[in-house]
Amino acid sequence: MATAGKVIKCRAAVAWEAGKPLVVQEVEVAPPQAMEVRLKILYTSLCHTDVYFWEAKGQTPVFPRILGHEAAGIVESVGEGVTELAPGDHVLPVFTGECKECAHCKSEESNMCELLRINPDRKVMIGDGQSRFSVNGQPIYHFLGTSTFSEYTVVHSGCVAKINPEAPLDKVCVLSCGFCTGFGATVNVAKPKKGSTVAIFGLGAVGLSAAEGARVAGASRIIGVDLNSNRFETAKKFGCTEFVNPLEHTKPVQEVLAEMTNGGVDRAVECTGNINAMIQALESVHDGWGVAVLVGVPHKDAEFKTHPIHFLNEKTLKGTFYGHYKPRTDLPVVVEQYLKGELELEKFITHSVSFSEINKAFDLMLAGEGLRCIIRMDE
Ligand code: NAD
Ligand code: ZN
């Protein structure tokens, strides 16, 4: 059932130039085309990935663009061919999709949908190669297929998870990126055994979600590694039992961790985006069985350099997008886990601002303050 679509005029936060404050202004949002949906975004939050593409220091610059990918909203209208979503549905958009038809979607082992997998350089809709946003006829580009820093956005229906309408959207919005990414990296990919030792590199919202995963999996020691010691007090609430600030040691952090753990940690989850931390994560795991999982989004020119002996010594290196969750299949289940009281999302939400104050959320992240800042679209 397609609804006849009209152009909507609404407010969006447009990134016109790298590193310059976003401009909250009126944009036009075209109706959804085949297999697309138009969403009314109610809450969105800022993830470090948005900041990388806004700074465009280590990523391809694409401007003008509407950033944003961690959000919750309601379906406003649907395009032709959309059968699984209808106006009024409560949804979470996700930066990586699930077409349910490709080899990846049919495999239990992959969440890397061939059609809708994350592609940060794509700036238009997949269907017709056009943008649905414009200002005075000038196209404004999309980001991660989601562009949630807008009161209305158009998304491929395969990148939208329909969730229980009882879920509070101002909380579950953090499931649409940060929480699932970190938590899943631990429970679905690193899979620590009960009683094991897990190192978490980077204690932002993603890293602390990974720590939460380690706690739930029954890890007995969770070592938080961060350059910002202000993170350590908060991290205790997420199960971290010990801390290392690499800046406070003369030895490389790999050696510090090896000494603390009699040879290395059982699992390491990297959530920094820094190439050195990625290498340290691998080199910190125990030989024979250690597994390191990369989650941080690397600089576009980054190269991973390590001695191959780590692999001969049977250390394993893995990486994951979105915590290995299939967004449409798995996310509604994670929402139910939250509703049953199994997940504490509230503690990730440290700040909240109105949409017109969205640049404050960027300031907080750049200052390394707080975890997630919820942006309220209706104010
Ligand atoms: P954040 O900025 O809130 O947290 C990152 C933390 O890493 C900070 O506390 C910072 O001090 C610390 N850090 C930076 N360099 C470090 C180093 N060399 N050693 C130790 N600690 C260091 O960011 P976030 O929103 O939690 O995101 C974390 C990372 O995860 C980012 O790179 C982001 O792009 C990435 N990410 C990946 C996915 C995915 O699907 N793989 C999804 C979302 C976010
Ligand atoms: Zn994100």
Hits in segment 237-285 - residues which are closer than 28 Å to Leu343 by Cα, touching a His at 6+ places or on another chain (Cβ under 7 Å) and of a type in the set (A, V, I, L, M, F, W, C): Val265
Which residues, taken from segment 278-310, are of a type in the set (Gly, Ala, Ser) and more than 16 Å from ligand 2 (Cβ to nearest atom)? Ala281, Ser284, Gly288, Gly290, Ala292, Ala302
Quick test for you: out of Glu344, Glu379, pick the one residue that is closer than 18 Å to Val206 by Cα and of a type outside the set (S, T, N, Q). Glu344
Give the residues of segment 143-159 that are assigned to a loop (DSSP other than H, G, I, E, B) and within 15 Å of ligand 2 (Cβ to nearest atom), sorted by residue number. Phe143, Leu144, Gly145, Thr146, Ser147, Thr148, Phe149
Could you grab me the full set of residues in segment 57-112 that are buried (at least 16 other Cβ atoms within 10 Å of the Cβ), among the polar types (S, T, N, Q) and more than 16 Å from ligand 1 (Cβ to nearest atom)? Ser77
What are the residues in segment 113-129 that are of a type outside the set (D, E, K, R), loosely packed, with under 13 Cβ neighbours inside 10 Å and either outside any loop (DSSP other than H, G, I, E, B) or more than 15 Å from ligand 1 (Cβ to nearest atom) (or both), if any? Gly129
Subset of segment 73-96 [in a strand (DSSP E or B) and within 25 Å of Trp54 (Cβ to Cβ)]: Gly73, Val91, Leu92, Pro93
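Taking segment 14-57, which residues are part of a loop (DSSP other than H, G, I, E, B) and among the small types (Gly, Ala, Ser)? Show your work before the answer.
The initial filter retains those residues of segment 14-57 that are part of a loop (DSSP other than H, G, I, E, B), namely 16-22, 30-35, 46-47, 56-57.
Selection gives Ala18, Gly19, Ala30, Ala34, Ala56.
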Which numbered condition in (1) part of a loop (DSSP other than H, G, I, E, B); (2) surrounded by fewer than 16 Cβ atoms within 10 Å (Cβ to Cβ); (3) away from ligand 2 (no atom under 16 Å from the Cβ) is the only one that Gly5 fails? (2)
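So which helices (runs of 4 or more DSSP H) are wholly in segment 160-254 and hold at least 1 residues that are without any contact (Cβ under 8 Å) to a residue 12 or more places away in the chain and under 24 Å from Ser45 (Cα atoms)?
231-236
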Counting only residues that are surrounded by 24 or more Cβ atoms within 10 Å (Cβ to Cβ) and not β-branched (Val, Ile, Thr), how many does segment 193-224 have? 16
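Being assigned to a loop (DSSP other than H, G, I, E, B), in contact with a Gly (Cβ under 9 Å, 6 or more places away or on another chain) and under 20 Å from Leu175 (Cα atoms), is that true of even one residue in segment 64-72?
Within segment 64-72 (the criterion being assigned to a loop (DSSP other than H, G, I, E, B), in contact with a Gly (Cβ under 9 Å, 6 or more places away or on another chain) and under 20 Å from Leu175 (Cα atoms)), the answer is yes, since at least one residue qualifies.
Bear in mind these aren't lab numbers, they're just calculated from the coordinates by the rules spelled out. The structure displayed is predicted, hence computed values, not measured ones. Using ideal geometry, Cβ is built from the backbone for each residue, glycine included, and neighbour counts are taken over all protein chains shown.
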